[in-house]
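Every number in this text was worked out from the coordinates using simple rules, so none of it is lab data. Quick caveat, the model's predicted, so the values are computed rather than measured. Don't worry about glycine lacking a Cβ; one is built from the backbone with ideal geometry, like all the others, and counts go over all protein chains shown.
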Amino acid sequence: MMKLAEGEVIRGYRVDRFLGRGGFASVYLAVDARTDEKVALKIGHPQGGGRQVTRLLEVTPRRSPEGISPDELPAEAVFFGGEKLRIDLFDQGEVRGMLTSEAELLRAADTPHLPRLRDAFLDDERPCLVPDSVRGKTLREKIRSLEGIHLTWFLAVVRALLELQEKGLLEYHGDLKPENVIVKPSGKVVMLDPAMRRSPSGAITTTPHYNPLVLTDSKADVMAVGIMIYEILTGTLPFDDVPWEYAGNKTGGETVRLSLSFFYSYCPPQMLNPRTPPDLERIIYRCITVPTYGLAELKGDLEEFIGRA
């Protein structure tokens with residue numbers, strides 16, 4: 001898929017600049033020619049799914065470190081079925097279905113914690129969404145700029161997830177990562193790109209390094225928050241290889257057990273950053289390794305830790 005040119009107009013939305021791509025769509029900052037307001041313009045790829053499409057939109061046999069920003073991991077199209085999961089590309093129909101699902105989700109979720117959807121349409125067979133452009137910086141941008149990261153932002157994310165869950169608006173986000181959390185100038189947070197649920201082909205979109213077991217419930221969000229806190233403390237992720245291909249495999253087996261054991265034996269944050277508070281290290285451990293440690297428990301622990309700080 002070629003990038004849209006600056007100034008190109010699609011259905012009354014004038015492209016300002018390219019922002020980046022997700023698992024199956026490219027996102028642009030645009031201007032609504034009717035109101036002169038800035039919006040986001042999200043356009044589905046003819047083929048999408050992450051691993052075989054670099055951040056610069058070039059299709060490659062495998063994603064190389066040169067193809068993407070080293071600290072930025074696009075979401076993957078993860079297909080369920082058979083003995084293992086697999087990562088593959090979406091076809092055009094699946095991309096359309098995923099963006100249609102996202103549009104329905106955003107329309108139904110009338111909340112300040114997710115972008116408001118203004119418009120959705122097909123342009124030359126390409127599905128397009130027009131959510132609000134959210135002012136602020138992503139957590140990734142905050143990390144890169146060395147501005148300082150506040151745990152209150154993660155607490156705000158957890159509170160927002162609980163609120164959405166309690167209202168029946170969103171069972172779980174499923175693709176939390178620094179690129180998908182925007183901190184507004186007010187300090188409030190907005191979550192972008194909730195993972196699309198299983199399509200008719202049995203696929204979801206998620207980022208395995210932040211959802212390594214490819215969970216499809218709120219524990220995915222708990223694990224992602226723990227991994228993000230680990231990342232800001234250490235400057236790295238808790239693992240390089242993740243056992244995502246064994247997620248959901250009910251049969252077990254020695255290979256699966258060894259893979260999961262390796263995963264759970266990640267390097268403790270204090271070994272990489274001796275200034276890591278022990279209580280915060282315990283929170284990270286619970287997020288990543290304790291199946292019953294949920295959003296409510298994480299909220300309570302973060303509130304207690306921040307209250308003592």
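Taking the beta-carbon count within 10 Å as an exposure proxy, list 230, 13 from fewest neighbours to most.
13, 230
List 95, 290, 27 from most exposed to least, where exposure is judged by having the fewest other Cβ atoms within 10 Å.
Listed from fewest to most nearby Cβ atoms, that is 290, 27, 95.
By how many nm would the segment from residue 264 to residue 17 lengthen if fully extended, with 0.36 nm per residue of separation less the alpha-carbon distance?
Extending this stretch completely gives an extra 84.8 nm.
Set the Förster distance to 30 Å, then compute FRET efficiency between residue 159 and residue 271 from the Cβ-Cβ distance, nearest 0.05.
0.45
For 41, 146, 139, which order do you get if you count the other beta carbons within 10 Å of each Cβ and list the fewest first?
Neighbour counts put them in this order, fewest first: 146, 139, 41.
With θ set to phi - 60° and the Karplus curve 6.51 cos²θ - 1.76 cosθ + 1.60, what are the ³J(HN,Hα) couplings of the range 4-9 in order, to the nearest whole Hz, using x for Gly and Pro?
Residue by residue, the range 4-9 yields 6, 7, 4, x, 5, 10 Hz.
Pull up the cross-link candidates among the lysines for residue 188, meaning alpha carbon to alpha carbon under 21 Å and not fewer than 8 places away within one chain.
38, 137, 142, 167, 177, 299
Once fully extended, how much extra length lies between residue 292 and residue 308, figured as 0.36 nm per residue of separation less the alpha-carbon to alpha-carbon distance?
3.3 nm
Residues with beta-carbon under 14 Å from that of residue 294, excluding residue 294: net charge, scoring Lys, Arg +1 and Asp, Glu -1?
That works out to -2.
What is the distance, in nm, between label points placed 7 Å from the Cα along the Cα-to-Cβ direction at residue 9 and at residue 108?
Between residue 9 and residue 108, the simple spin-label model gives 3.6 nm.
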